[in-house]
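**Q** What follows is a structure written as structure tokens; I'll ask about it next.
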Amino acid sequence: MNRFIKVLIVLTALFQSISAQDKPNVLFIVIDDLNDWVGCMKGHPQTKTPNIDKLASQGVLFTNAYCQAPICGPSRASVMTGLMPTTTGNYLQLDDIDIKKANEQSRNAIFLPDYFEQYGYKTMGTGKLFHLGDRAHVFDEYRNDTADLYGPLPAVRFKYDPLWFGKPKGTGTDWAAFPNEDSLMPDVKSADWAVNKLNIKQDKPFFLAVGFVRPHVPWYVPQKWFDQFPLNAIQTPPYLKSDLDDVPLMGQRVADFPSMPTTEWLIEKNQWKETVQAYLACINFVDAQVGKVLDALEKSPYAKNTIVVLWSDNGYHLGEKNRFGKQALWERASKIVMIVKQPGNTIKAACNKPVQLIDIYPTLTDLCGLPANKMNEGHSLLPLIKNPFTTNWNHMAITAYGKGNVAVTSSRFRLIQYEDHSLELYDMVNDPNEWNNLAADKKYKSIIQKLQKQIPVNQANLAPDSKYGINEYFKSLSK
């Protein structure tokens, strides 16, 4: 090798090193099964989330953000690949290692952390990032402690086990003050690990991902978190016993989750307030863990050069529509929390434009000055971060739950179209609880047609490695 080439290599490496140091870092916080019960979104009047609220006050809070699949595995797969479930066929639960097996589009996808690695970033992760942590082995460094991801667990459940009622397995749902100490919770370990990473010198720009499990079931946290929400004062969410009377049969089949408790059962057993209390306690607990990480960032040398994005993977029903769980195309199961804080950003506002989790990938590449990944199907939120009140945003949010079952959300309306072409339409301004299905009202025909144009015409078949054995409709599709 001649001297000129050696000098050129050295200069190139030096240039790349300098350029890498100039790139902003990314703190990527994921919370499992958190609906809009955070203070800044006013989803429940009694929730306590001071740390998430503080972050929202420092950046842009997207108040109409939606997941692409109302269940954690495919939702996270969509975020990490930048592809819609209708493109990959990853509609249902799946193992991390199977995400790219679905079809050609999924095989060609570049996972978000891998994309950042291509441009000089060190990627680090802990906790629940993909469905099973990081079984896909995407991160440069990952705290491998997922054997007890949802634990610790008692020898016998406290309040609910579907097997007690002859129902199928498929949920860890239970609620109680357990264990005795915070230190036993996996989320505490994840927060502490992330804090340590922010306290040490990093030689490269970093992409630090922190996945928190609570408020995913079982709703177990120590007693002190329950004490924040006195049981006799708990307010349950709005519930209409006849809510499903105008919902198509296909809609009820798609949302069926027989292993979960129903609202009517919980009312009968006098346990509805207890479940709401437990969910609120879990949210308060995880907010404290988020606070640890954010406080560490503020005190670190990286405070002025780190983008923070916080999101939840799906919503959750806590009694609405006589159900508990996600796994449905209604608003409660698909509306999520999404906050983006840009270092040095003077824009601090709430944006009510319909946005999607799939928008995170192109937003981060934009904010970090990386070339766009042309496979991304989302839209960069940078225009909304610069001007949350712009009228120049014509995109809608798409949520899919099995081929042919799609929800489209605009600024006002929500349309759900099922595989058999049955419909639900809701005016989310005048009917936020989705109690009045307007699909049969002829005066909404033009609105339905406009929303239907947003539904992907060519939808991928169900990925062969999808797993979902607790719903009879989906079991029949995966045979």
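**Q** Filter the stretch 163-204 down to residues that are touching a residue at least 60 places away in the same chain (Cβ under 8 Å) and of a type in the set (S, T, N, Q) and give me whichever is farthest from Pro230 (Cα to Cα).
**A** By that ranking, first place goes to Gln202.
This table checks each residue for (1) closer than 16 Å to Ile99 by Cα; (2) of a type outside the set (Ser, Thr, Tyr); (3) without any contact (Cβ under 8 Å) to a residue 12 or more places away in the chain.
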residue	(1), (2), (3)
Glu117	no, yes, no
Ala136	yes, yes, no
Tyr142	no, no, no
Asp148	no, yes, no
Gly151	no, yes, no
Pro154	no, yes, no
Arg157	no, yes, no
Asp161	no, yes, no
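**Q** Checking the conditions here, which among Pro205, Pro113, Pro162, Pro154 is surrounded by 15 or more Cβ atoms within 10 Å (Cβ to Cβ) and closer than 24 Å to Ala281 by Cβ?
**A** Details: Pro205 fails: closer than 24 Å to Ala281 by Cβ; Pro113 fails: closer than 24 Å to Ala281 by Cβ; Pro154 fails: surrounded by 15 or more Cβ atoms within 10 Å (Cβ to Cβ).
Exactly one of Pro205, Pro113, Pro162, Pro154 is surrounded by 15 or more Cβ atoms within 10 Å (Cβ to Cβ) and closer than 24 Å to Ala281 by Cβ, namely Pro162.
**Q** Another question, then. Tell me which residues, restricted to the stretch 169-216, are touching an Asp or Glu at 6+ places or on another chain (Cβ under 7 Å) and of a type in the set (A, V, I, L, M).
**A** Hits for the stretch 169-216 are Val188, Val213.
Residue-by-condition table, conditions (1) closer than 20 Å to Val30 by Cβ; (2) touching a Phe, Trp or Tyr at 6+ places or on another chain (Cβ under 9 Å); (3) surrounded by fewer than 20 Cβ atoms within 10 Å (Cβ to Cβ); (4) touching a residue at least 12 places away in the same chain (Cβ under 8 Å):
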site: Val79; (1), (2), (3), (4): yes, yes, no, yes
site: Met84; (1), (2), (3), (4): yes, no, no, yes
site: Thr88; (1), (2), (3), (4): yes, no, no, yes
site: Lys101; (1), (2), (3), (4): no, no, yes, yes
site: Ser106; (1), (2), (3), (4): no, no, no, yes
site: Ala109; (1), (2), (3), (4): yes, no, no, yes
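**Q** Of the residues in the stretch 391-408, how many are touching a residue at least 24 places away in the same chain (Cβ under 8 Å) and over 24 Å from Ser466 (Cβ atoms)? Spell out how you get there, then give the answer.
**A** If we filter the stretch 391-408 for residues that are touching a residue at least 24 places away in the same chain (Cβ under 8 Å), which is where we start, we get 393, 395-408.
After this cut, where a residue has to be over 24 Å from Ser466 (Cβ atoms) as well, the list is 393, 395-396.
Residues that pass the stated criteria total 3.
**Q** Answer yes or no: is there a residue in the stretch 431-444 that is within 21 Å of Asn322 (Cα to Cα) and without any contact (Cβ under 8 Å) to a residue 12 or more places away in the chain.
**A** Yes - at least one qualifying residue is present in the stretch 431-444.
**Q** With Ile97, Ile71, Ile31, Ile52 as the choices, which residue is under 30 Å from Asp192 (Cβ atoms) and touching a Ser or Thr at 6+ places or on another chain (Cβ under 9 Å)?
**A** Testing whether each residue is under 30 Å from Asp192 (Cβ atoms) and touching a Ser or Thr at 6+ places or on another chain (Cβ under 9 Å) leaves just Ile31.
**Q** Specify the residue that is modelled with the lowest pLDDT; the eligible residues are those in the stretch 455-477 that are among the polar types (S, T, N, Q) and surrounded by fewer than 17 Cβ atoms within 10 Å (Cβ to Cβ).
**A** Once the filter is applied, the top-ranked residue is Ser476.
**Q** Would you mind finding the one in Tyr91, Tyr66, Tyr121, Tyr150 that is more than 20 Å from the chain's Cα centre (by Cα) and among the aromatic types (Phe, Trp, Tyr)?
**A** Tyr121
**Q** Exactly one of (1) in contact with a Cys (Cβ under 7 Å, 6 or more places away or on another chain); (2) assigned to a strand (DSSP E or B) is unmet by Leu384. Its number?
**A** (2)
**Q** Residue under question is Trp330, and the condition is that it be in contact (Cβ under 8 Å) with a residue 60 or more places away in the chain, in contact with a His (Cβ under 9 Å, 6 or more places away or on another chain) and not charged (D, E, K, R); does it hold?
**A** So Trp330 fits the description; yes.
**Q** Would you confirm whether or not the stretch 230-238 contains a residue that is more than 25 Å from the chain's Cα centre (by Cα), of a type in the set (A, V, I, L, M) and assigned to a loop (DSSP other than H, G, I, E, B)?
**A** Yes, because at least one residue in the stretch 230-238 is more than 25 Å from the chain's Cα centre (by Cα), of a type in the set (A, V, I, L, M) and assigned to a loop (DSSP other than H, G, I, E, B).
**Q** Among the residues of the stretch 215-237, count how many are touching a Phe, Trp or Tyr at 6+ places or on another chain (Cβ under 8 Å) and surrounded by fewer than 19 Cβ atoms within 10 Å (Cβ to Cβ).
**A** So the count comes out to 2.
**Q** Taking Leu477, is it in contact with a helix residue (DSSP H, G or I) (Cβ under 6 Å, 6 or more places away or on another chain) and farther than 30 Å from Gly59 by Cα?
**A** The answer is no for Leu477.
**Q** Of all residues in the stretch 329-359 being of a type in the set (S, T, N, Q) and at pLDDT 95 or above, which is farthest from Asn387 (Cα to Cα)?
**A** Taking the candidates together, the pick is Ser334.
**Q** Also: Of all residues in the stretch 390-403, which are over 10 Å from Leu329 (Cβ atoms), among the β-branched types (Val, Ile, Thr) and outside any loop (DSSP other than H, G, I, E, B)?
**A** Residue satisfying the conditions is Ile398 alone.
**Q** How about the stretch 53-156: which strands (runs of 3 or more DSSP E) wholly inside it have at least 2 residues that are aliphatic (A, V, I, L, M) and either at pLDDT 95 or above or in contact with a Lys or Arg (Cβ under 8 Å, 6 or more places away or on another chain) (or both)?
**A** Strands (runs of 3 or more DSSP E) meeting the threshold: 60-62.
**Q** Report whether or not Ile29 is within 29 Å of Glu331 (Cβ to Cβ), at pLDDT 95 or above and assigned to a strand (DSSP E or B).
**A** Answer is yes for this residue.
The values are calculated or read from the model by the stated rules, or taken from the named source; none is laboratory data. What you see is a predicted model, and the numbers here were worked out from it, not measured in a lab. All Cβ positions, even for glycine, are placed from backbone atoms using ideal geometry, and neighbour counts span all protein chains on display.
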